[in-house]
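Participant: Shown below is the structure under consideration.
The values are calculated or read from the model by the stated rules, or taken from the named source; none is laboratory data. These numbers were taken from a predicted model, which means no experiment stands behind them. All Cβ positions, glycine included, derive from the backbone under ideal geometry; neighbour counts span all protein chains shown.
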Amino acid sequence: MFFPGTENERHILKNVSLKVYDGDFISVIGNNGAGKSTLLNTIAGTLSADAGSINLENKNVIKKSVSYRSRWMSRVFQDPKMGTAGELSVAENLVLAQSHVNTTSLKWYNKKGQWEKFQELLKPLDMGLEDRLKTQVKYLSGGQRQALSLLMATLSKPKLLLLDEHTAALDPKTSRDVMNLTDEIVNREKLTTMMITHKMSDALKYGNRLIMVQDGQITLDVSGKDKQNLDSEELVGMFDN
Amino acid sequence: MLISSLGQGLLWAPLVIGVFITFRILDIPDLTTEGSFPFGAAMTISLMLNGQSAFIATLMGFVAGCLGGFVTGVLDTKLHIPSLLAGILTMTGLYSVNMHIMGKSNVPLLTQKVLTDYLPDWATEIQTIILGAVIVVIVIGLLYLLFKTHLGLSLMATGNNKDMSAANGINTDKMIIFGYTISNGLIALSGSLIAQSNGYADIGMGIGTIVIGLASVLVGEIFLRGRNILVRLSAMVVGAVLYRFLLTVAMGLGFPPDDLKILSAIILVIVICVPIVRNKLKTRKQLKLYLSQLAEGEQDEQDGSIKHTKFTKGVLSGDRE
């Protein structure tokens with residue numbers, strides 16, 4: 001709830017109940033201001049819910065911090081700058097993403113053999129990043145940063161991957177490349193994923209399930225065959241309801 | 001003159017490194033400095049007057065500063081007080097604490113052995129340089145090792161991108177508190193060393209230390225630049241020494257000691273402006289060169305295109321930092 005007790009009081013999410021099954025790839029669509037991002041932020045812990053519970057494998061994490069939840073959840077933000085540390089090198093960013101637990105250990109982070117492993121990870125992106133491990137991330141392009149963010153988010157094999165309009169800030173071609181990469185990684189690693197998108201085509205093309213958020217509630221939840229039978233115009237029509 | 005500013009500069013170096021940790025690594029201008037510097041001095045001198053050895057007293061000075069930094073860190077992260085205000089609050093509070101420790105506003109040492117007295121019987125300036133060098137090497141060595149560990153990497157990541165760090169499992173509050181703590185510990189260590197070198201602790205000795213620290217950080221970065229942490233830390237020592245040298249020159253020109261504070265402030269303004277002006281001049285020069293090459297290219301159209309591509313690259317890479 002935002003601004004309780006004032007004229008601006010607004011329930012962003014109300015009575016939202018969503019069960020995410022293992023292996024689901026859910027596209028989340030809805031109007032601007034409908035509460036999609038709030039939903040994702042609440043799940044990730046950036047925003048705290050006033051009431052209710054969030055269960056992750058039968059464990060209520062509603063009171064836990066972002067960093068605690070990050071052991072099971074990863075996130076890619078809309079802004080490519082958000083998902084990576086610009087002053088640090090590509091390799092250092094990958095080290096950070098690798099372990100969400102040993103963040104305060106006094107062991108050296110520059111281990112032998114790590115370099116080759118990172119190069120192998122970066123090669124499939126086909127962006128030449130494997131030769132730029134030492135480059136500070138702030139010198140990479142938006143597309144490269146976002147591909148790196150995506151790779152970093154999936155490196156720890158999270159139980160839940162949250163994608164918040166992660167292709168929205170990219171040009172059409174890069175956007176498509178990153179989307180293909182997403183689909184590939186999600187399928188290969190069998191990651192449970194929630195993806196917010198404003199592109200109806202992406203929402204229909206990718207994933208096995210689709211939910212629509214309107215006015216803080218989930219107004220549509222289709223999966224499997226029902227989802228395949230949906231088409232773009234039908235969906236846009238539903239926005240008006 | 002050079003020798004004495006070298007020695008003094010080395011004693012001030014831990015303060016500059018401390019300011020570097022909050023200002024550059026965590027990206028926070030931390031005003032606790034003004035309180036933790038005399039805190040270290042007061043702690044050390046009082047303990048020595050009470051019969052403790054200079055080693056223990058210096059170490060406790062460091063610990064005292066850590067405590068001050070810890071308080072600011074908690075105010076900033078757990079109570080969500082803006083970092084600038086959190087620093088001011090701790091600094092103000094420490095004034096009273098320091099008065100309680102010292103009992104009066106100026107406490108001189110009597111016949112106690114200070115750290116330099118444990119060295120062979122050389123000239124005081126040489127002793128100061130040796131002591132300063134040993135301490136600087138230890139501090140830089142330990143910090144260098146720290147920044148090679150996961151902990152150090154987490155600290156750097158937190159200062160650079162807090163959201164991303166939290167999303168990667170780093171407890172950013174803890175990291176910020178940790179940064180404040182070691183930073184102020186080092187600042188207090190400087191206070192402790194300066195007090196021993198001067199032979200007294202004074203309640204007003206912290207005034208202007210944040211300006212001195214920031215100016216030294218920037219002076220150091222003007223002369224020594226790089227991404228390697230060892231280079232960056234060494235630059236802080238260079239900055240501290242050069243800054244002392246600048247002040248000694250000013251004193252030699254006949255400025256009274258009371259004017260040193262305004263000189264410090266002016267130096268800080270200048271060193272903030274130098275990199276900005278330098279970048280502007282560089283860009284203008286490169287643009288001019290580029291335009292003149294373009295004009296040349298038009299006259300000589302055959303290999304003009306090759307020249308262009310070559311040059312654009314040069315401009316881009318020269319623009320970095």
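Participant: Report whether or not residue A:101 is within 8 Å of another protein chain (Cβ to nearest Cβ), of a type in the set (A, V, I, L, M) and over 18 Å from the mean Cα position of the chain (by Cα). If you could, list the steps in order and put the result at the bottom.
Facilitator: Numbers: within 8 Å of another protein chain (Cβ to nearest Cβ): yes; of a type in the set (A, V, I, L, M): yes; over 18 Å from the mean Cα position of the chain (by Cα): yes.
Criteria met by residue A:101.
Participant: Residues B:306, B:266, B:222: which one is at pLDDT 85 or above and either touching a Leu at 6+ places or on another chain (Cβ under 8 Å) or not assigned by TED's automatic domain parsing to the domain that holds residue B:10 (or both)? Working first, answer last.
Facilitator: Details: B:306 fails: at pLDDT 85 or above; B:222 fails: either touching a Leu at 6+ places or on another chain (Cβ under 8 Å) or not assigned by TED's automatic domain parsing to the domain that holds residue B:10 (or both).
Going through B:306, B:266, B:222 in turn, just one is at pLDDT 85 or above and either touching a Leu at 6+ places or on another chain (Cβ under 8 Å) or not assigned by TED's automatic domain parsing to the domain that holds residue B:10 (or both): B:266.
Participant: Please pick out the residue among A:141, A:89 that is small (Gly, Ala, Ser), touching a strand residue (DSSP E or B) at 6+ places or on another chain (Cβ under 6 Å) and more than 7 Å from chain B (Cβ to nearest Cβ).
Facilitator: Details: A:141 fails: touching a strand residue (DSSP E or B) at 6+ places or on another chain (Cβ under 6 Å).
From the options A:141, A:89, the qualifying one is A:89.
Participant: Test of understanding: among A:127, A:82, which residue is in contact with an Asp or Glu (Cβ under 7 Å, 6 or more places away or on another chain) and assigned to a loop (DSSP other than H, G, I, E, B)? It would help to see each step written out before you state the result.
Facilitator: Details: A:127 fails: in contact with an Asp or Glu (Cβ under 7 Å, 6 or more places away or on another chain).
None of the others qualify; the one that does is A:82.
Participant: Take region A:12-34 and flag every residue that is part of a loop (DSSP other than H, G, I, E, B), touching a residue at least 24 places away in the same chain (Cβ under 8 Å) and not small (Gly, Ala, Ser).
Facilitator: Within region A:12-34, the subset part of a loop (DSSP other than H, G, I, E, B) is A:12-24, A:31-34.
The next check asks that each one be touching a residue at least 24 places away in the same chain (Cβ under 8 Å); those that pass are A:12-18, A:20-24, A:31, A:34.
Correct list: A:12, A:13, A:14, A:15, A:16, A:18, A:20, A:21, A:22, A:24, A:31.
Here is a yes/no grid of residues against (1) part of a strand (DSSP E or B); (2) within 14 Å of chain B (Cβ to nearest Cβ); (3) touching a helix residue (DSSP H, G or I) at 6+ places or on another chain (Cβ under 6 Å); (4) of a type in the set (S, T, N, Q):
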position	(1), (2), (3), (4)
A:43	no, yes, no, no
A:47	no, yes, yes, no
A:50	no, no, no, no
A:78	no, yes, no, yes
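Participant: A follow-up question, please. Here is a check on your reading of the model: is residue B:39 in the same structural domain as residue B:102 (by TED's automatic domain parsing), more than 16 Å from the chain's Cα centre (by Cα) and touching a residue at least 24 places away in the same chain (Cβ under 8 Å)? Can you show your working first?
Facilitator: Values: in the same structural domain as residue B:102 (by TED's automatic domain parsing): yes; more than 16 Å from the chain's Cα centre (by Cα): yes; touching a residue at least 24 places away in the same chain (Cβ under 8 Å): yes.
Yes: the conditions hold for residue B:39.
Participant: Taking region A:119-166 only, how many residues are under 22 Å from residue A:28 (Cα atoms), out of contact with any Phe, Trp or Tyr (no Cβ under 9 Å at 6 or more places or on another chain) and either surrounded by fewer than 17 Cβ atoms within 10 Å (Cβ to Cβ) or modelled with pLDDT under 85 (or both)?
Facilitator: Going through region A:119-166 one residue at a time, the tally reaches 1.
Participant: Quick check: anything in region A:139-162 more than 16 Å from the chain's Cα centre (by Cα), in a helix (DSSP H, G or I) and closer than 30 Å to residue B:143 by Cβ? Walk me through it before giving the result.
Facilitator: As a first pass, look at region A:139-162 and keep what is more than 16 Å from the chain's Cα centre (by Cα): A:139-142, A:144.
When the remaining residues are screened for being in a helix (DSSP H, G or I), the result is A:139, A:142, A:144.
Remaining after also requiring closer than 30 Å to residue B:143 by Cβ: A:139.
Among the residues of region A:139-162, at least one is more than 16 Å from the chain's Cα centre (by Cα), in a helix (DSSP H, G or I) and closer than 30 Å to residue B:143 by Cβ, which makes the answer yes.
Participant: Among the listed residues A:37, A:67, identify the single one that is touching a residue at least 60 places away in the same chain (Cβ under 8 Å) and either facing another protein chain (nearest Cβ under 10 Å) or surrounded by fewer than 22 Cβ atoms within 10 Å (Cβ to Cβ) (or both). Give the steps one after another, and end with the answer.
Facilitator: Working: A:67 fails: touching a residue at least 60 places away in the same chain (Cβ under 8 Å).
Sole residue among the options that is touching a residue at least 60 places away in the same chain (Cβ under 8 Å) and either facing another protein chain (nearest Cβ under 10 Å) or surrounded by fewer than 22 Cβ atoms within 10 Å (Cβ to Cβ) (or both): A:37.
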